[in-house]
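Every read-out reported here was derived from the displayed coordinates using simple, explicitly stated rules and does not represent laboratory data. Predicted model, so just to flag it, every value in this text is computed and none were measured. Cβ placement follows ideal geometry from the backbone for every residue including glycine, while neighbour counts extend to all protein chains displayed.
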Amino acid sequence: MPHPLGVVLHAPQDVRTEPLEQPPVGPTDVLLDVEACGVCGSDLASYAHGHYVEPGQVMGHELSATVAVAGEALSGLEPGTRVAVRPMRSCGRCAYCRDGDTHLCGATAGRSLGYGAQGAFAQQLHLPDVEVGRDVVPVPAGTDPFDLLWAEPLAVALHAVRLAGGTANERVLVTGAGAVGLTVAAAAIAQGITVHVVEPVEHRREAAERLGATVSVPGEPTEGAPHDALLDASGVPAAVTAALPLLAPTAPVVLVGLDDAPVPWPVGAHRLTGSFGYVDADFATAVDLIVAGRVVLGDLVTHRYPLEQAGRALDAPRPEDHVVKAAIVPRA
């Protein structure tokens, strides 16, 4: 049989669709047919600048898939079973892992899908040493693959909302309504929290409104101020500074967006926390929310590309394209 195809990074802004040789499926391994894989902001940075990855890497970590072949020691993974896949994989032995902080494990970079291990911008994906229900989570056959690919970013969002105080908050402010900000808004709304989103781009504000948030452009009064917490998904230091007067005096501030610029910080009484990744319970909750239909994000995948157009999918989106979320569909 011919080898499955995948998108291989050769250098910044140089990806090529090539055959991938997959290793044999061992007793605790699984071979997946990738249905769809979302394009993350970190993928855009990797493609543009070579950040986080080395040449030869197949990127992609926000995936939905079905089982092609499961190892003989695994149960519940019959061929054709649709699954959510936890891409962040840790060593399981270090102090962080033993304490449950698997997202802080130093081994994640080499083990995680798209960052050391093969990612899901490919027709097939081989996963070794799988724990069913943790690394690969079976879901009902009727689960929409484009909803399911949001499981990983939703886990990131749930982690950030929890750091901001979770349901102890009645109303939160989210700055930025890219894919990260929209999942943060969806995660908070699913927990009964009122959300206001500040976003300069009209089609992103409209997406946030469809999720149930109120919205405004930067500089406008915000509904519900003062807010109980700020979750910044913009990565823009000025957005954080501008949001501070809209908060209660001791409201926590959680930084979820990535940026290289320092955030000017008038200390005040706000508690500042950086949010990175997620833990196992966050991913499990994200899958449960998607399967139950309490978080529905598939319609936000506005652009879908075959493998051969991966370079177009990974180019920085232009404002006139109105991209909310792009995905690669390997078998299109």
To make sure I understand, if each residue's beta carbon is the centre and we count other beta carbons within 10 Å, what order do SER234, SER42 fall in, fewest to most?
SER42, SER234
Expected vector for the stretch 86-95, Karplus 3J(HN,Hα) from phi with 6.51, -1.76, 1.60 and θ = phi - 60°, integer Hz, x for Gly and Pro, equals 7, x, 7, 10, 10, 7, x, 10, 6, 4
Rounded to the nearest 20 debye, dipole of the chain from Cβ charges on Lys, Arg, Asp, Glu:
340
Classified through the alpha carbon gyration tensor (a ≥ b ≥ c as square roots of its eigenvalues; rounded if a/c is under 1.5, else prolate when a/b is larger than b/c, else oblate), the chain comes out prolate
What does the C-alpha gyration tensor say about the overall shape of the stretch 25-143? Classify as rounded when a/c is under 1.5, otherwise prolate if a/b is larger than b/c, or oblate.
oblate
Within the stretch 264-304, list the chymotrypsin sites (Phe, Trp or Tyr not before Pro) lying in a DSSP loop whose Cβ has at most 15 other Cβ atoms in a 10 Å radius.
PHE276
Apply the Karplus curve 6.51 cos²θ - 1.76 cosθ + 1.60, θ = phi - 60°, to the phi angles in the stretch 185-194 and return the couplings in whole Hz, x for Gly and Pro.
4, 5, 5, 5, 4, 4, 9, x, 8, 6
What ranking do TRP150, TRP265 get, fewest neighbouring Cβ atoms within 10 angstrom at the top?
TRP265, TRP150
Highest first, please rank the peptides 20-31, 154-165 by the mean number of other Cβ atoms sitting within 10 Å of their residues.
154-165, 20-31
Footprinting exposure proxy for HIS203, HIS196, HIS49 (fewest neighbouring C-beta atoms within 10 Å first)
HIS49, HIS203, HIS196
Cα extents of the stretch 154-274 along the three principal axes, largest first, in whole Å?
35, 29, 26
Rounded, prolate or oblate for the stretch 254-332? Axes are the square roots of the Cα gyration tensor eigenvalues, ordered a ≥ b ≥ c, and the cut-off for rounded is a/c under 1.5.
oblate
Using Cα centres only, tell me the gap between the stretch 199-223 and the stretch 149-165 in whole Å.
20
Peptides 131-144, 171-184: what's the order by average Cβ count within 10 Å, highest mean first?
171-184, 131-144
